[in-house]
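Undergrad: Handing you this structure, nothing more for now.
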Amino acid sequence: MNDQPTVSSDILSISPDRDVEIVKALASMPRMMILRLLRHRGPLNVNEISEALDLPQSTVATNVQTLEACGLIETQAMKANKGRQKICYARYGEILVRFDDPPLQQKTNLIEVAMPIGLYTSCNVTAPCGLCSSEGVIGLLDVPDFFLDPSRMKASLLWFWRGHVEYKFPNNARVLNAEVEAIEFTMELSSEVPGTNADWPSDISIWVNDVKVGTWTSPGDYGDKRGRLTPRWWKLEGSQYGHLTTWVVSGKGTSVNGTRASDVTLDRLGLLEHHSIRLRVGIDEGAQRPGGVNIFGKQFGNHDQDIVMRIHVK
């Protein structure tokens with residue numbers, strides 16, 4: 001029915017504990033078949049789905065209703081030759097099931113979650129760009145579309161010239177109904193230039209829940225020596241390591257590595273209003289020194305860690 005089907009590239013990250021209805025909806029072969037069909041073919045009506053999957057229309061209609069109820073598809077009523085028809089759209093190109101182990105009880109005044117650098121839920125990057133694991137390059141270099149490849153979850157290093165990647169952290173402070181004193185993010189970063197250049201400043205920014213909280217200027221892209229964890233197969237001419245940066249947002253403002261970065265305070269982030277905390281890392285369109293970014297994860301660079309979020313609570 002559609003010469004140019006609309007296929008979503010959005011990514012949904014779910015938790016089996018919090019998103020029980022979605023997990024139940026996925027535990028059905030007919031519903032999985034419907035989602036897969038809409039993902040590849042684009043919008044279809046119930047009759048077209050029934051014909052393509054060789055399923056009774058009543059079965060398709062019932063399962064479409066379930067998928068719509070939990071938000072995995074959208075439907076739109078449109079005119080047909082006889083009456084009206086329901087057009088079905090898949091909302092997501094990928095669905096990631098995360099098996100986090102959030103604390104059931106508050107045992108300390110600190111809640112910590114580590115996020116693998118490849119587990120971003122959305123991205124918009126420009127070349128030069130790429131991803132690699134500790135074992136090799138992932139996909140093709142300088143092809144932004146490969147940032148949506150499922151194998152990105154193995155990434156230990158990613159880089160891009162412009163744009164951003166965004167991560168969705170569980171908001172365990174909200175689960176515990178705890179009062180937040182400060183939130184911090186720690187990650188290993190550097191500038192990005194073809195080859196390396198220690199004198200290559202880049203203004204790298206982060207956003208939390210769509211609020212730009214601060215910018216840190218990376219001095220350069222480092223290749224003077226191999227990173228402590230960087231695998232031997234990675235060329236010496238490539239980015240080797242970065243600076244470990246810690247961003248803290250409190251009631252007094254935002255700092256990066258102890259230096260004040262902005263006046264953005266916790267109340268701007270609305271932490272207790274959302275089930276998740278969205279962290280975006282990238283280059284602002286208005287950056288004065290847009291020199292790209294490298295994000296180092298486990299088994300790459302000088303620090304064996306993912307992106308770490310710590311929530312300080314009372």
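For every residue, the table says whether it meets (1) out of contact with any His (no Cβ under 8 Å at 6 or more places or on another chain); (2) open to solvent by 30 Å² or more (accessible area, probe 1.4 Å); (3) over 27 Å from I183 (Cβ atoms); (4) modelled with pLDDT of 80 or more.
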| position | (1), (2), (3), (4) |
| --- | --- |
| D3 | yes, yes, yes, no |
| D10 | yes, yes, no, no |
| I14 | yes, no, no, no |
| K24 | yes, yes, yes, yes |
| M33 | yes, yes, yes, yes |
| L37 | yes, no, yes, yes |
| L44 | yes, no, yes, yes |
| A80 | yes, yes, yes, no |
| P103 | yes, yes, no, no |
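Undergrad: May I pose another question? Within the stretch 259-267, can one find any residue that is open to solvent by 30 Å² or more (accessible area, probe 1.4 Å), within 26 Å of R310 (Cβ to Cβ) and either in contact with a Cys (Cβ under 8 Å, 6 or more places away or on another chain) or assigned to a helix (DSSP H, G or I) (or both)?
TA: yes
Undergrad: Would you kindly identify the strands (runs of 3 or more DSSP E) lying entirely within the stretch 129-207 that contain at least 3 residues that are in contact (Cβ under 8 Å) with a residue 60 or more places away in the chain?
TA: 157-160, 162-170, 180-190
Undergrad: Select from the stretch 202-222 the residues that are open to solvent by less than 10 Å² (accessible area, probe 1.4 Å) and of a type in the set (A, V, I, L, M, F, W, C) and list them in ascending order.
TA: Correct list: I204, I206, V208, V213.
Undergrad: Same structure again: Name the residues in the stretch 115-173 that are under 18 Å from G242 (Cβ atoms), open to solvent by 10 Å² or more (accessible area, probe 1.4 Å) and β-branched (V, I, T), would you?
TA: Residue satisfying the conditions is V125 alone.
Undergrad: In addition: With respect to D199, is the statement that it is open to solvent by less than 10 Å² (accessible area, probe 1.4 Å), acidic (D, E) and over 27 Å from Y92 (Cβ atoms) true?
TA: When the stated conditions are applied, D199 does not pass them.
Undergrad: Every residue in the stretch 53-71 that is open to solvent by 50 Å² or more (accessible area, probe 1.4 Å), small (G, A, S) and closer than 23 Å to L12 by Cβ, please.
TA: Of everything in the stretch 53-71, just one residue is open to solvent by 50 Å² or more (accessible area, probe 1.4 Å), small (G, A, S) and closer than 23 Å to L12 by Cβ, namely A69.
Undergrad: If I filter the stretch 226-253 down to residues being over 19 Å from W159 (Cβ atoms) and charged (D, E, K, R), which single residue comes out as surrounded by the most Cβ atoms within 10 Å (Cβ to Cβ)?
TA: Within the stretch 226-253, the match that is surrounded by the most Cβ atoms within 10 Å (Cβ to Cβ) is K252.
Undergrad: On to the next question. Looking at E112, E74, E48, E94, which is the one that is in contact (Cβ under 8 Å) with a residue 40 or more places away in the chain and either open to solvent by 70 Å² or more (accessible area, probe 1.4 Å) or on the phi > 0 side of the Ramachandran plot (or both)?
TA: Sole residue among the options that is in contact (Cβ under 8 Å) with a residue 40 or more places away in the chain and either open to solvent by 70 Å² or more (accessible area, probe 1.4 Å) or on the phi > 0 side of the Ramachandran plot (or both): E112.
The values are calculated or read from the model by the stated rules, or taken from the named source; none is laboratory data. In this text, all values refer to a predicted model and were calculated from it rather than measured experimentally. Here Cβ is always computed from backbone atoms with ideal geometry, including for glycine, and neighbour counts include all displayed protein chains. Surface areas here come from the heavy atoms of the whole protein model, side chains and all, with no ligands, DNA or RNA. Shrake-Rupley method; radii C 1.70, N 1.55, O 1.52, S 1.80 Å.
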